[in-house]
1. Test each condition in (1) open to solvent by 70 Å² or more (accessible area, probe 1.4 Å); (2) on the phi > 0 side of the Ramachandran plot for Gly183 and report the one that comes out false.
2. If the Cβ limit is 7 Å and pairs must be 6+ apart or interchain, which residue in region 20-31 that is at positive phi pairs with which residue that is buried (at least 21 other Cβ atoms within 10 Å of the Cβ)?
3. So which residues in region 202-231 are of a type in the set (S, T, N, Q), farther than 21 Å from Asp192 by Cα and touching a strand residue (DSSP E or B) at 6+ places or on another chain (Cβ under 9 Å), if there are any at all?
4. State which residue pairs qualify: first residue within 11 Å of Lys125 (Cα to Cα) and inside region 68-89, second residue basic (Lys, Arg) and open to solvent by less than 10 Å² (accessible area, probe 1.4 Å) in any location, beta carbons under 6 Å apart, and separation of 6 or more residues or different chains.
5. Where in region 86-160 are there strands (runs of 3 or more DSSP E), lying fully within it, with 3 or more residues that are modelled with pLDDT of 90 or more?
6. Say whether the condition of being β-branched (Val, Ile, Thr), within 18 Å of Asp107 (Cβ to Cβ), open to solvent by 10 Å² or more (accessible area, probe 1.4 Å) and outside any helix (DSSP H, G or I) is met by at least one residue in region 34-57.
7. Which members of region 107-122 meet the condition of being over 15 Å from the mean Cα position of the chain (by Cα) and either open to solvent by 40 Å² or more (accessible area, probe 1.4 Å) or under 16 Å from Glu172 (Cα atoms) (or both)?
8. Being assigned to a loop (DSSP other than H, G, I, E, B) and open to solvent by less than 40 Å² (accessible area, probe 1.4 Å) is the filter here; which residues of region 186-216 pass it?
Amino acid sequence: MSDTRPQEEEAYDMSGARLALTLCVTKAREGSEADLDALESMFQKLGFEITMKRDPTAQQFQEEMEKFQQAIDARKDFVSCAFVVLMAHGLEGHLKAEDEQMVELEDLFRVLNNKNCQALRAKPKVYIVQACRGEQRDPGETVGGDNTVMVTEKLQTIPTHTDMLYIYSTVEGYLSYRNDRKGSGFIQTLVDVFLERKEPILELLTEVTRRMAKSEVVQEGQPKKVNPEIQSTLRKRLYLQ
């Protein structure tokens, strides 16, 4: 059978080191250990080198990101990609650290961009954010595209903010949910899909969204809906297996 995968210029080279950093506030976030266990198992099975830190303060969120970047740039081997998982209480654009101080997500995101992390230049950088982004609740609605083609020339330089993928557990302005024993439906569903399937990551995330859209979360006796939000500037297809 012929290999149906795209050519090198269409897919990221995943033959090198895969690195993952997880920063998780467990304080007042019952169920987060179940998410940490699931993520650790997933990253191990997908061949990632894993760094985890529980209950970082606001300063430590920033310091751990910068240490991660410095360690990546100091490596002598080829690095394929980096994943960063951020889990905490939050509001739009911010996470609440262990010391109750707020951390700006943009400050964390820019650490690994094409300007600031040379070893990850033109390589995929994936952020998974399990946190609320507001106070709104979605009760759901009763259910009763077009293609844009761009022609581009060969790149002589690369934009600062390409090759980034942001995966939020909920849409802007809305709550995110977590079970006290089983962890969050978002993390658990994402792990299941990433391990079960072998399509490019954006197709995997479509499946995550489909599964989450079918399920319901019961809060205070009322069913609620929640779906992730994906923001991508990836230039190529990203395969994890």
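1. All conditions are met except number (1).
2. Gly31/Arg178; Gly31/Gly183; Gly31/Ser184
3. Within region 202-231, none qualify.
4. Between residues of region 68-89 that are within 11 Å of Lys125 (Cα to Cα) and residues that are basic (Lys, Arg) and open to solvent by less than 10 Å² (accessible area, probe 1.4 Å), the close pairs are Ala82/Lys125.
5. So the answer is 94-96, 102-104, 125-130.
6. Yes; the residues of region 34-57 include at least one that is β-branched (Val, Ile, Thr), within 18 Å of Asp107 (Cβ to Cβ), open to solvent by 10 Å² or more (accessible area, probe 1.4 Å) and outside any helix (DSSP H, G or I).
7. Across region 107-122, the qualifying residues are Asp107, Lys115, Asn116, Gln118, Arg121.
8. Result: Pro200, single match.
The values are calculated or read from the model by the stated rules, or taken from the named source; none is laboratory data. Not measured: the values here are computed from a predicted model. Positions of Cβ are backbone-derived with ideal geometry, glycine not excepted, and every protein chain shown enters the neighbour counts. Each accessible area value is taken on the protein alone, full model and side chains, heavy atoms only, with ligands, DNA and RNA left out. Shrake-Rupley method; radii C 1.70, N 1.55, O 1.52, S 1.80 Å.
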